[in-house]
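Data first, discussion second: the structure below is written as structure tokens.
The values are calculated or read from the model by the stated rules, or taken from the named source; none is laboratory data. Since the model is a prediction, treat every value here as computed from it, not as a measurement. Glycine also receives a Cβ, built like all others from the backbone with ideal geometry; neighbour counts cover every protein chain displayed.
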Amino acid sequence: MVALALCIVALAGCRPEEEVRTYRIAKPADAPSAASETPQPVAPETAAKPPSGEPTDRMIGSIVPGPSQAWFFKAVGPKAAIDDAADAVTAFLASVRFEGDKPKWETPEGWTEEEAGGMRLATLKVPAEEGTESIEMSVIGLPLVGDWDAQVLDNANRWRKQLQQPPLAAEAIGDELKPLADVAEGAVLFDTVGWFDGGTMAPFAGGAAPFASATPPAAPAAPAAEQREMKYQSELQSTTPDGWTEEPGSAMRKASLRTPGGAVLTGFAFPLTGAMGDRLENVNRWRGEIGLEPTTADELEAQTEEMKLLGSDGAYFEMVGKTETTHAAMVEREGQVWFFKLRGPVEEVANERDAFKKWLESLSLEGAEK
């Protein structure tokens with residue numbers, strides 16, 4: 001018994017500080033080893049079944065090999081809040097670079113950064129919808145182990161366990177991880193939903209229904225004759241196509257609409273820092289979201305349609321996956337980069353392509369020419 005107690009004390013001392021905090025359900029977290037944020041995963045057949053119903057939480061993170069340490073970036077919270085910040089978070093993770101042994105980044109406008117101690121290098125606060133808590137992203141460095149693939153698998157399965165999802169074998173979890181080759185060779189992006197059982201953030205207020213490719217919501221009655229004029233954040237103006245419905249925006253989401261068949265349109269504006277305006281990086285991130293392999297700079301040039309957007313020279317892209325399609329446009333304007341994305345079932349997005357392009361052409365900003 002004495003030996004067992006000493007082992008428990010020793011394991012507890014290796015726990016990264018983020019793993020001892022609680023959120024939502026009070027449940028002890030497993031103690032990680034010194035070289036990994038995760039213990040060895042349990043066999044799938046012995047894992048507890050996840051809760052029933054729609055997942056309530058989402059986690060976006062990256063696992064990155066540095067020159068001397070493995071680095072873990074993680075943002076987690078209620079699904080509606082993470083959905084709202086997802087484009088900003090994934091773009092930030094893709095922009096991380098190394099100068100020496102530690103990762104470097106430019107903190108996006110509106111985010112705040114706090115230095116930490118020990119294994120935690122920093123904590124970034126990502127702004128969330130007005131009236132809710134900010135989203136917290138932790139940055140932790142731990143020793144590298146000899147087998148990088150094994151370290152990625154172990155940590156990805158730990159994050160799945162925090163979301164009360166069963167662990168996956170290497171060949172299965174590879175479909176869930178997306179490469180971040182521009183950050184570092186072997187770096188991956190993790191993005192999964194579930195029911196979070198531990199962390200730092202208090203519950204968020206509000207929520208929004210996530211996109212579901214099956215059984216889209218019934219379309220509301222279309223406007224009588226002419227299209228409706230709409231505003232987002234008192235700056236972005238557009239003409240909404242018949243049958244499309246407006247959904248709540250936020251400080252970060254400048255536009256949010258849904259087509260009659262359930263495809264989702266979102267619009268964001270971010271400071272033009274780092275690789276935020278890089279067409280290839282953004283297109284490959286969008287391609288990864290729908291299960292497509294990255295494209296190359298030469299291929300992208302042939303796939304790009306130049307267009308006027310918000311009075312400036314922008315670009316339009318079409319990406320067709322097996323079950324989902326994304327049409328997207330981006331433009332740099334006055335120190336910001338604007339992104340507009342229509343994503344949904346392949347047939348629905350194809351049907352709404354012309355409507356989406358007309359909507360893009362209708363965009364303007366208060367006090368500015370189109």
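Worth pointing out:
Listed here are the residues, each with its yes/no results for (1) assigned to a strand (DSSP E or B); (2) touching a His at 6+ places or on another chain (Cβ under 9 Å); (3) under 24 Å from ALA91 (Cα atoms).
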position: ALA122; (1), (2), (3): yes, no, yes
position: LYS125; (1), (2), (3): yes, no, yes
position: LEU142; (1), (2), (3): yes, no, yes
position: VAL145; (1), (2), (3): no, no, no
position: ASP149; (1), (2), (3): no, no, yes
position: ASP154; (1), (2), (3): no, no, no
position: LEU168; (1), (2), (3): no, no, no
position: GLU171; (1), (2), (3): no, no, no
position: ALA184; (1), (2), (3): no, no, yes
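- Among (1) at pLDDT 90 or above; (2) in a loop (DSSP other than H, G, I, E, B); (3) acidic (Asp, Glu), the one test that GLU113 misses: (2)
- Criterion (touching a strand residue (DSSP E or B) at 6+ places or on another chain (Cβ under 9 Å), surrounded by fewer than 17 Cβ atoms within 10 Å (Cβ to Cβ) and either small (Gly, Ala, Ser) or not assigned by TED's automatic domain parsing to the domain that holds PRO179 (or both)) met by exactly one of THR296, THR323: THR323
- Those strands (runs of 3 or more DSSP E) lying entirely in region 300-360 with at least 1 residues closer than 21 Å to ALA86 by Cβ: 312-320, 324-333, 336-345
Listed here are the residues, each with its yes/no results for (1) within 25 Å of GLY110 (Cβ to Cβ); (2) without any contact (Cβ under 8 Å) to a residue 40 or more places away in the chain; (3) of a type in the set (Asp, Glu); (4) in contact with a Gly (Cβ under 8 Å, 6 or more places away or on another chain).
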site: PRO294; (1), (2), (3), (4): no, no, no, yes
site: ALA297; (1), (2), (3), (4): no, yes, no, no
site: GLU306; (1), (2), (3), (4): no, yes, yes, yes
site: PRO345; (1), (2), (3), (4): no, no, no, yes
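- GLU114 vs. criteria farther than 23 Å from ASP278 by Cα, surrounded by fewer than 20 Cβ atoms within 10 Å (Cβ to Cβ) and either not assigned by TED's automatic domain parsing to the domain that holds LYS254 or not polar (S, T, N, Q) (or both): yes
Here's the yes/no breakdown for (1) in contact (Cβ under 8 Å) with a residue 60 or more places away in the chain; (2) of a type outside the set (S, T, N, Q):
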{"position": "PHE270", "(1), (2)": "yes, yes"}
{"position": "ASN284", "(1), (2)": "no, no"}
{"position": "ASP313", "(1), (2)": "no, yes"}
{"position": "GLY321", "(1), (2)": "no, yes"}
{"position": "ALA329", "(1), (2)": "no, yes"}
{"position": "GLU332", "(1), (2)": "yes, yes"}
{"position": "GLY335", "(1), (2)": "yes, yes"}
{"position": "LEU342", "(1), (2)": "yes, yes"}
